[in-house]
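Worksheet: the structure to be examined is printed underneath.
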Amino acid sequence: MKVGFRFKTIGSILKERGLITEDELKEGLESQNMTGLPLGRVLVNLGYITEKDLLKALGVQAKMETVELGRLQIPKEVLERIPGSIAKLYSILPIGIENNTLVIATSEPLNFSIFDDLRFMLNCNIKGKAATLTSITKAIKKYYGRESDSVDEIFSEISEKIPDLIDGDEKIENIEELASQLPIIKLINIILIQAIKKKASDIHFEPFQDEFKIRYRLDGVLYDVVSPPTALHLAITSRIKVMANLNIAETRLPQDGRIFVKIGGRMVDLRVSALPTIFGESVVIRILDKTTVQLSLDDLGFEKDIQMKIKSLIKKPYGIILSTGPTGCGKTTTQYSALSSINNIEQKIITVEDPVEFDLPGLVQVSVRPKINLTFPVVLRHILRQDPDIIMVGEIRDAETVQMAIHAALTGHFVFSTLHTNDAPSAITRLIDMGVEPFLIASAVEAILAQRLVRVICPNCKAEYLPTEKELEEVKLKPQDIKGKVFYKGKGCKQCEGAGYKGRIGVFELLIFDEDIRSLILDKASISELRTQAIKNGMLTLREDGLLKVFSGKTTLQELTHATTGYV
């Protein structure tokens with residue numbers, strides 16, 4: 001009987017050779033789960049092995065020749081076989097041609113999808129040799145430079161090489177052929193690489209009557225990147241749909257998909273949404289890059305007092321903590337950070353989301369699928385039979401879900417979930433509107449955390465300035481309120497691309513349920529009465545928390561005004 005051949009892992013090879021211990025391997029695996037980097041690279045970063053150790057292990061793992069790129073001089077005609085954008089996207093380097101076969105250096109010799117993709121794109125045989133990621137990255141910079149292709153050059157290449165396809169009809173075979181053309185692939189690769197490099201959260205491909213726009217969302221704000229010829233709209237959207245395994249022939253209905261790409265040796269998760277519009281399909285790619293998201297309560301912008309209270313609340317054995325705020329305000333990141341801080345071997349944590357945002361080791365994570373009736377209430381009902389200690393419900397959308405969440409909290413489980421309300425007190429009336437009895441809210445809920453995101457002043461171009469009276473009025477400050485206070489803003493520089501801001505942090509409003517608040521809920525008090533009592537109990541409002549960040553030089557009055565517009 002034949003047994004399927006199994007490759008040894010890098011960890012086991014290094015351990016067999018006596019280069020790492022079991023404890024060092026465990027630490028490396030934990031770090032790998034957090035960063036998304038290959039295990040070998042993680043162990044090098046931790047200082048447990050050298051680059052040469054890793055190179056030898058890669059060769060043993062794949063039974064492949066190894067190569068030291070620093071000793072090679074690669075001919076120009078070999079480099080021209082693979083565009084720089086593709087070399088960067090796959091972290092590979094062409095190093096030679098042997099018997100009409102292109103030889104590449106790769107740090108992932110067992111990633112067969114790389115070889116399959118290159119064979120398809122380049123229409124030639126591919127052979128691999130193992131090299132370290134560091135040496136490949138250095139060589140790509142050396143041979144291809146910082147920018148391998150410009151978007152304008154690719155547009156020119158497209159118009160020269162495939163004009164017939166662009167001007168042709170929209171038969172499915174023509175669309176498939178156009179989407180598989182190398183210039184189109186190069187263009188999408190460059191757009192993805194630039195977006196990830198700039199730490200964009202989303203990429204928008206938007207068709208209009210007379211133009212086709214591509215925009216990145218950076219720190220919550222959309223910026224124009226490039227406007228390709230409108231004739232390329234179909235080719236670009238079709239290529240993205242092919243990558244996301246969507247039906248390119250279906251342009252009348254919305255579709256959702258997912259792409260996994262490896263950039264610089266780390267895995268990046270791309271969520272794709274295609275929406276039919278009157279001028280064609282609008283496609284948005286959401287970028288989920290583990291390395292740019294800090295899932296720690298210490299990095300979200302909490303003031304010390306609020307952070308201490310939250311750390312105390314999440315250690316309770318049962319109850320509900322709700323996060324509120326508009327879409328894109330960081331609610332899920334906050335909840336994941338809380339889960340990460342209490343994630344240990346002694347507790348079972350289950351999440352139900354739409355879809356799962358981040359993969360966290362040690363968590364049982366479920367993605368709802370309404371098409372097959374796998375909804376939040378259905379999953380919650382079955383989760384309770386799995387004996388969890390902690391449950392995270394991605395979003396409370398209906399009465400059935402909230403009733404199940406409250407039932408879970410009252411039967412000895414700790415529940416995290418989110419609601420869409422403007423502030424913390426409003427969440428209470430929202431729950432009552434959804435049909436929840438006040439006594440259940442008072443019994444089950446432990447706290448409500450409202451939040452917004454504000455941009456952080458760029459540290460490279462940060463400078464003092466004096467706010468105008470209008471700016472002060474917008475946040476209800478008087479000149480006497482700012483005596484002794486120093487205000488800052490960013491002038492705009494290369495590092496922040498002229499925006500004056502780099503990164504975002506949260507502003508928060510934490511409403512903790514005590515006897516006073518519970519009594520008001522039972523009496524069906526108004527939002528203003530709940531807010532007044534919460535402030536009396538020591539709650540900082542969103543605006544007050546934001547002002548602390550303004551006074552400490554983290555953000556600006558303009559950002560605070562924008563984030564809390566409509567907030568009472």
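The values are calculated or read from the model by the stated rules, or taken from the named source; none is laboratory data. In this text, all values refer to a predicted model and were calculated from it rather than measured experimentally. Here the Cβ positions follow ideal geometry from the backbone for every residue, glycine too, while neighbour counts run over all protein chains shown. Surface accessibility is based on the protein's heavy atoms, side chains included, excluding ligands, DNA and RNA. Shrake-Rupley method; radii C 1.70, N 1.55, O 1.52, S 1.80 Å.
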*Heavy atoms of Glu474 accessible to a 1.4 Å probe, total area in Å² rounded to 10*: 90 Å²
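Nearest 0.05, what FRET efficiency do Glu68 and Lys199 give at R0 = 35 Å with Cβ-Cβ as r? Present the calculation step by step, with values, prior to reporting the outcome.
Working: r = 32 Å, r/R0 = 0.93.
Computed FRET efficiency for Glu68 and Lys199 comes out at 0.60.
Could you give the dipole magnitude of region 320-469 about its Cα centre, charging the beta-carbon of Lys and Arg +1 and that of Asp and Glu -1, in debye to the nearest 20? Write out the running numbers ahead of the final one.
Values: 11 positive and 16 negative charges, 57 e Å.
So the magnitude is around 280 debye.
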_Please compute the per residue accessible area over region 217-328 with all protein chains in place, 1.4 Å probe, rounded to a whole number of Å²._
48 Å²
_Using Cα-Cα distances under 8 Å and only pairs 6 or more residues apart, what relative contact order does region 431-505 have, in percent?_
38 percent
_Stretchable slack from Ile278 to Met434, in nm (0.36 nm times residue separation minus alpha-carbon distance)_ = 52.6 nm
_With every protein chain left in place and a probe of 1.4 Å, what is the accessible surface of Asp53, to the nearest 10 Å²?_
40 Å²
_For region 55-147, compute Rg over Rh where Rg is the Cα radius of gyration and Rh is the Kirkwood radius from the inverse mean 1/r over Cα pairs._
0.92
*Which listed residue (Tyr501, Gly538, Ser528) has the Cα farthest towards the positive end of the charge dipole for region 432-568, taking +1 on Lys and Arg C-beta and -1 on Asp and Glu C-beta about the Cα centre?*
Tyr501
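Any idea what % of Cα-Cα pairs in region 188-312 are farther than 25 Å? Provide the component values of the computation, followed by the final result.
Numbers: 2526 of 7750 pairs.
Counting pairs separated by more than 25 Å, the tail of P(r) holds 33 percent.
Tally up the carbon and sulfur contribution to the accessible surface of the chain as a whole percent, 1.4 Å probe, everything protein left in place.
Numbers: 13970 of 27970 Å².
The C+S portion of the solvent-accessible surface of the chain is 50 percent.
Hey, got the dipole for the chain? About the Cα centre, +1 on K and R Cβ, -1 on D and E Cβ, debye to the nearest 20?
Numbers: 72 positive and 74 negative charges, 310 e Å.
Computed charge dipole of the chain: roughly 1480 debye.
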*asked:* Give me Rg/Rg_expected for the chain, where Rg uses Cα atoms only and Rg_expected = 2.2 N^0.38 Å with N residues.
replied: 1.09
_Along the charge dipole of region 429-568, pointing to its positive end and built from +1/-1 on Cβ of Lys, Arg, Asp and Glu, which listed residue (Val454, Leu510, Gly435) has its Cα farthest out?_
Val454
*Distance in nm between label sites at Ser367 and Asp516, each 7 Å beyond Cα in the beta-carbon direction?*
4.6 nm
*asked:* Antiparallel versus total DSSP beta bridges in region 346-505: what percent is that, nearest 5?
replied: 40 percent
*asked:* What figure, in Å² to the nearest 10, do you get for the accessible area of Arg369 with a 1.4 Å probe and non-protein molecules left out?
replied: 140 Å²
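Express as a percent, rounded to the nearest 5, the fraction of DSSP beta bridges in region 37-143 (both residues included) that run antiparallel. Before the final figure, lay out the partial values.
Numbers: 6 of 13 bridges.
DSSP beta bridges in region 37-143 are roughly 45 percent antiparallel.
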*Principal axis box of region 302-429, alpha-carbon based, largest edge first, Å*: 44, 35, 28
*Taking the Cα atoms of region 243-339, what is the range of coordinates along each of the three principal axes, in descending order and whole Å?*
53, 33, 24
*What percent does the relative contact order of the chain come to when contacts are Cα pairs within less than 8 Å and at least six residues apart?*
9 percent
*asked:* Please enumerate, by chain and number, the lysines with C-alpha under 16 Å from the C-alpha of Lys554, excluding those fewer than 8 residues away in the same chain.
replied: Lys304, Lys462, Lys485, Lys489, Lys491, Lys502
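Just to confirm, what accessible area per residue do you get for region 335-390 at 1.4 Å probe, in whole Å²? Intermediate results must be reported in sequence, preceding the final value.
Working: 2840 Å² over 56 residues.
Result: 51 Å² of accessible area for each residue.
Work out the length of the dipole vector of region 180-295 about its Cα centre, built from +1 on the beta-carbon of each Lys and Arg and -1 on the beta-carbon of each Asp and Glu, and round it to the nearest 20 debye.
500 debye
May I ask you to derive the FRET efficiency for Asn460 and Lys138 from their Cβ-Cβ distance with R0 = 30 Å, giving the value to the nearest 0.05? Could the numbers behind the result be given before it?
On the way: r = 26 Å, r/R0 = 0.87.
Rounded to the nearest 0.05, the efficiency is 0.70.
Can you tell me what share of the DSSP beta bridges in the chain is antiparallel? A percent to the nearest 5 is fine. Can you show the working numbers first?
Details: 54 of 85 bridges.
Here the share of antiparallel DSSP bridges comes out near 65 percent.
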*Which lysines does Lys309 reach when only Cα atoms under 18 Å apart count, and residues fewer than 8 places away in its own chain are ignored?*
Lys331, Lys536
*Please calculate how many Å² of accessible area region 490-530 carries per residue, with a 1.4 Å probe and no DNA, RNA or ligand atoms counted.*
53 Å²
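Quick one: if the Förster radius is 35 Å, what FRET efficiency do Ile259 and Thr50 give, using the C-beta to C-beta distance and rounding to 0.05? Spell out each step's value before the answer.
Working: r = 34 Å, r/R0 = 0.97.
Calculated transfer efficiency: 0.55.
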_Probe 1.4 Å, all protein chains present, accessible-area order of Lys63, Lys311, Lys371, Lys199, largest first_ = Lys371, Lys63, Lys199, Lys311
*Go through the chain and flag any cysteine with no other cysteine's C-beta closer than 4.7 Å, please.*
Cys124, Cys329
*Rounded to the nearest 500, what is the 222 nm mean residue ellipticity of the chain from helices alone, with -39500 (n - 2.57) per DSSP H run of 4+ residues and division by all residues?*
-11500 deg cm²/dmol
